[in-house]
């Protein structure tokens, strides 16, 4: 069952589940409308930081999850990221997550971006995983797409198990445990 905003607030206040934690939905900053972030009804809208890696084919590379090279990206630090048409970028959340052993999440893209053809990969945060979230952003349109740093990009929905899992992500020694910054594929 999805967990309510009061449960999420309590877990963040008592167990530092999301840091920094914003206990309400923020829709405006500096007098301007923004893409919302913060606590929502049954989830949390996370923010994208200002660090991006955009795919490039300068070296005529092949995308290989077993042999991924950081040279396949252009690194950008900016308040706005332009993702080229029919292209892909990686980014990282502002927030750091610590998922409890009896919880799993699903992270999905916000509809504001989806309605513009910008898709954020659906991914779980497994029990006892912790770190910043590496966000995969696809621009499915034939036009350049703009991503706004420090604003909402994806929503995390929390599901509490009826019992604690037998083997957690931490127990397995998961390869993306404690990640900070944009993390490329690992074996």
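Values quoted throughout were computed directly from the atomic coordinates according to the rules given, and no laboratory measurement underlies them. Everything quoted here is computed from the prediction, not taken from an experiment. Virtual Cβ from ideal backbone geometry, glycine too; neighbours counted across all protein chains shown.
Modelled this way, with points 7 Å down the Cα-to-C-beta line, the labels at residue 14 and residue 79 are 3.9 nm from one another.
Ordered from longest to shortest, the equivalent ellipsoid semi-axes for region 90-132 are 23, 12, 7 Å, each the square root of 5 times a Cα gyration tensor eigenvalue.
Compared with the dominant Cα axis of the chain, that is its longest principal axis, helix 5-15 is turned about 90°.
Taking only the C-alpha atoms of region 66-161, Rg followed by Dmax gives 14.4, 42 Å. A simple spin-label model places the labels of residue 114 and residue 167 3.2 nm from each other, with each point 7 Å out along Cα-to-Cβ. Helix content alone sets the calculated 222 nm mean residue ellipticity of the chain: runs of n ≥ 4 DSSP H residues at -39500 (n - 2.57) each, divided across all residues, give -2000 deg cm²/dmol. Convex hull volume of the C-alpha atoms in region 1-138, normalised per residue: 132 Å³. Based on alpha-carbon atoms, the Kirkwood radius and the radius of gyration of region 120-187 give Rg/Rh equal to 1.03. Measuring from a point 7 Å past the Cα of residue 63 along Cα-to-C-beta, which residues in region 121-165 have an amide N at less than 12 Å? The answer is 121, 136-140. If you plug the beta carbon distance of residue 180 and residue 123 into 1/(1 + (r/R0)^6) with R0 = 22 Å, you get a FRET efficiency near 0.80. Treating only the Cα positions of region 25-64 as identical point scatterers, give the base-10 log of I(q)/I(0) from the Debye formula at each q in 0.18, 0.26 Å⁻¹. For region 25-64, the Cα-only Debye profile gives -0.66, -0.94.
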